[in-house]
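The values are calculated or read from the model by the stated rules, or taken from the named source; none is laboratory data. Since this is a predicted model, take the numbers as computed values, not measurements. Cβ placement follows ideal geometry from the backbone for every residue including glycine, while neighbour counts extend to all protein chains displayed.
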Amino acid sequence: MLIPIEVSARHIHLSQKDLELLFGTGHQLTIKQTLSQTGEFAAQETIELIGPQNSLSARIVGPTRPHTQVELSYSDCHLLGISAPLRLSGDLAHSASLNLVGPAGQLTLESGVIISKRHLHIDTASALTNHLHNGQIVQTKITGERGGILDQVVVRVSDTFTLALHLDTDEANALGIDSHNHQAELLV
Ligand SMILES: [Zn+2]
């Protein structure tokens, strides 16, 4: 099976409470671009992530969620001067901390900064057809001059998911993934 690759740059999901702390009471996100997963969008709004060594700007991915979550690459963490754990989205216990600055305020996120584990989104029907289940660990192969095999890809199954392999910018750059080389082969 061939899987489209989507590269996730550093981004942040905000709770409504934190959105209002950073952008002002009643603020609603503005959609810049819809994303492949149903309902998700890149917002016009960005915020500043302030680490011990440097700061970086991060785009907000909406809609708002119950908990604020920052997703970074290892390179981002090195630049900021922090150490964040490798986790699946939503697994935030004892994750890393950062200061967040928006146009209307700032806050210290005590926990919620992670490096996202590479993962594969697939809808329930396609998962059944391909004998895949939620939480399964698979390998994917990327072709090309800098291609390679990626181990420890977590399968995530939901009725609302669209088939995609999600990698961060470090992984994509290391494997030479670009607009001409953006499919992975599933190896189970
Ligand atoms: Zn994803």
Just name the residue that is nearest to the ligand (Cβ to nearest atom) out of those in the stretch 105-133 that are exposed (fewer than 13 other Cβ atoms within 10 Å of the Cβ) and part of a loop (DSSP other than H, G, I, E, B). 133
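Table: residues versus (1) polar (S, T, N, Q); (2) modelled with pLDDT of 95 or more; (3) touching an Asp or Glu at 6+ places or on another chain (Cβ under 6 Å).
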| residue | (1), (2), (3) |
| --- | --- |
| 81 | no, yes, no |
| 104 | no, yes, no |
| 115 | no, yes, no |
| 148 | no, yes, no |
| 151 | no, yes, no |
| 155 | no, yes, no |
| 164 | no, yes, yes |
| 180 | no, no, no |
Going residue by residue through the stretch 164-173, is there one that turns out to be over 19 Å from residue 11 (Cβ atoms) and not basic (Lys, Arg)? no
Of (1) surrounded by fewer than 14 Cβ atoms within 10 Å (Cβ to Cβ); (2) in contact with a strand residue (DSSP E or B) (Cβ under 6 Å, 6 or more places away or on another chain), residue 39 fails just (2)
When the residues of the stretch 144-188 are filtered to those that are β-branched (Val, Ile, Thr) and in contact (Cβ under 8 Å) with a residue 40 or more places away in the chain, which remaining residue is farthest from the ligand (Cβ to nearest atom)? 188
Matching residues, the stretch 10-32, being in contact with a strand residue (DSSP E or B) (Cβ under 7 Å, 6 or more places away or on another chain) and either of a type outside the set (Val, Ile, Thr) or away from the ligand (no atom under 16 Å from the Cβ) (or both): 10, 11, 13, 14, 18, 21, 22, 23, 29, 30, 31, 32
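Inspect all residues belonging to the stretch 87-96 and state whether any of them is away from the ligand (no atom under 16 Å from the Cβ) and touching a Leu at 6+ places or on another chain (Cβ under 8 Å).
no
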Could you pull out the residue among 92, 88, 100 that is closer than 30 Å to residue 149 by Cβ and touching a residue at least 60 places away in the same chain (Cβ under 8 Å)? 88
For the stretch 149-188 the number of residues that are of a type outside the set (Val, Ile, Thr) and in a strand (DSSP E or B) is 16
Exactly one of these conditions fails for residue 100: (1) at pLDDT 95 or above; (2) of a type outside the set (Val, Ile, Thr); (3) under 24 Å from residue 43 (Cα atoms); (4) exposed (fewer than 14 other Cβ atoms within 10 Å of the Cβ). Give me its number. (4)
